[in-house]
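Engineer: This is the structure I have questions about; it appears just below.
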Amino acid sequence: MTTESVKSSRPARDNDSRSNFRGPYVPSPEDMYKCVHCGFCLQVCPTYLETGLEAESPRGRIALMKAVEEGRAEITESIVGHWDKCLQCRACEVVCPSGVPYGRLMEATRANVELVFRRGFKERQARNLGFHSVLPNAGRLDRIGGFFRFYQKSGLQTFARKTRAVKLAPGGSLEKYLPKLSDKFFVTSGQVMRPEGEIRARVALLGGCVMRLTHASTMEAVTRVLVRNGVEVYVPEGQGCCGALNAHAGERDTARDMARKNIDAFLEVETDAIIVAAAGCGSTMKEYDDLLANDPEYAEKAAEVAERTKDIHEFLADLPFEPPTGNLARDGRNLKVTYQDSCHLGHAQRITEPPRRLLNAIPGIEFVEMEESMVCCGSAGSYSLIEQEMSLRLGRRKTANVVSSGAEVVATANPGCVIQMEQALARAGEGAKVSYVIDLLDESYRLGDEPHTG
């Protein structure tokens, strides 16, 4: 096991060090002490906005890191609890005048926690199953997805919920968070889709893990939109989960293994870009160079993949995309649409204008901004399962803002956001529909291509 560079952490210390961070994964003091506790982060941090507690703010969590670093505190259950409640939305990075790389700090801190802190038995088992057994194995993920798809479509889910039998199953309390699985999963089999006319660009497409199981139709829409814009699309067979969930949870070794697998798959052919339709995946792949900075075999290749990775909205806006012509108006009036900024698109990748540009280009849409569009919806990967109470609070907050906007559709750019907002709106009894930006663009293209009869 190698120690990480000072870019993302620092080498292990001798046992007589005053620091209570131990092992090969430790947060960098250089990053940590950039924080001057100015407080700019307080009014953009979702957990601080909800609780008003200093320990639930970025500067509060960094203060806890400093206390552990300086030997004034041990890594206790209480301190880990405050770190765990962080969504890693990285809103604080956008407003920080000192340039604190908070996301990098938190990932390194959580990696250290997993080495030195012993979690409860059930949590250890769940983490081992999810992060080590399922996510890194695409075949196993597909089989589990296939089982839950059968469970939903066979009527078993309805029966289990009506009879409350679901509560008897291990982990049954989490069943209510199970998203609807696609009728047919998006396949990554080395397929190539080519435009009929001139090829403007050649790209490779990430299928990912969650999105290709829950929103396969959107992945198909991504390929159609790209081909419609003169782009040849290659879907590498050897790819898998990007490693984002593992990296955010402190499981850096498995995240690196997953990154290496994707690097090998995406560098098999020469392309102009690697296209990612899920915001969280794009953010992580753009940081593969940091994740593998100390790997002599993969560091250079990781930097190449990071440089080549483009978010779908970013890529289309730069291409530029062909304006759609199909009108999405309903019953003679424009469809009112708002936009939820997915955290790892708006904050980590700093991409906020391209999705709005795509939406505003669609005929028959009245675009309206909603309040707090940049505040996390509470999904944050596995956060909605682990920190349920806070996730529900943030879901209610987002629902209230959607309703206040008067929008009939809330568009976004990440599968976790779509699932979280659909469930939050349903719990509140609200009828707004949740959609990917790309689905709306694809619909407009298809309507524009339909023959018109007089």
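No lab work stands behind these numbers, since they all come straight from the coordinates. Since we're looking at a predicted model, the values are computed, not measured. Cβ: placed from backbone, ideal geometry, glycine included. Neighbour counts: every protein chain shown.
Engineer: HN-Hα J couplings of the stretch 354-367 from phi, Karplus 6.51/-1.76/1.60, θ = phi - 60°, integer Hz, Gly and Pro as x?
Structural biologist: With the stated coefficients, the stretch 354-367 comes to x, x, 5, 5, 4, 4, 5, 7, 8, x, x, 10, 9, 8 Hz.
Engineer: A further question follows. Quick one: grab the alpha carbon gyration tensor of the stretch 121-177, order the square roots of its eigenvalues as a ≥ b ≥ c, and give me rounded if a/c is under 1.5, else prolate or oblate depending on whether a/b is larger than b/c.
Structural biologist: It is oblate, given that a/c is not under 1.5 and a/b is not larger than b/c.
Engineer: Quick check: from the Cα gyration tensor, does the stretch 95-248 come out rounded (a/c under 1.5), prolate or oblate?
Structural biologist: oblate
Engineer: Mind listing the phi-derived Karplus ³J(HN,Hα) values for the stretch 191-200, rounded to whole Hz, using 6.51, -1.76 and 1.60 with θ = phi - 60°, and x for any glycine or proline?
Structural biologist: Along the stretch 191-200, the couplings run 5, 10, 10, 10, x, 6, x, 5, 8, 8 Hz.
Engineer: Continuing with the same structure: Taking a Cβ-Cβ separation under 4.7 Å as the criterion for a possible partner, which cysteines of the chain have none?
Structural biologist: If one checks each Cβ against the other cysteines of the chain, 35, 38, 45, 86, 96, 377, 417 turn up with nothing under 4.7 Å.
Engineer: Pick out, in residue order, every one of the trypsin sites (Lys or Arg not before Pro) in the stretch 44-124 that is DSSP loop and has at most 15 other C-beta atoms within 10 Å; say none if there are none.
Structural biologist: The qualifying sites are 72, 118, 119.
Engineer: Compute the Cα gyration tensor for the stretch 335-449, then decide on rounded, prolate or oblate, letting a ≥ b ≥ c be the square roots of its eigenvalues: rounded whenever a/c is under 1.5, prolate when a/b is larger than b/c in the other cases, and oblate in all that remain.
Structural biologist: Here the stretch 335-449 falls in the prolate category.
Engineer: Additional query: Filter the GluC sites (Glu not before Pro) in the stretch 55-88 to those in DSSP coil with at most 16 other Cβ atoms within 10 Å of their Cβ, and list the result. The partial results should precede the final answer.
Structural biologist: Values: sites: 56, 69, 70, 74, 77; in loops: 70, 74.
The qualifying sites are 70, 74.
Engineer: I would also like to ask the following. Sorted by mean Cβ packing within 10 Å, highest first, what order do the peptides 346-356, 292-302 take?
Structural biologist: Values: 346-356: 20.3, 292-302: 16.4.
My ranking of the peptides, most packed first, is 346-356, 292-302.
Engineer: Oh, and also: With each run of n ≥ 4 DSSP H residues scored as -39500 (n - 2.57), what mean residue ellipticity at 222 nm is computed for the chain after dividing by its residue count and rounding to the nearest 500 deg cm²/dmol?
Structural biologist: The helix contribution divided over the chain gives -13000 deg cm²/dmol.
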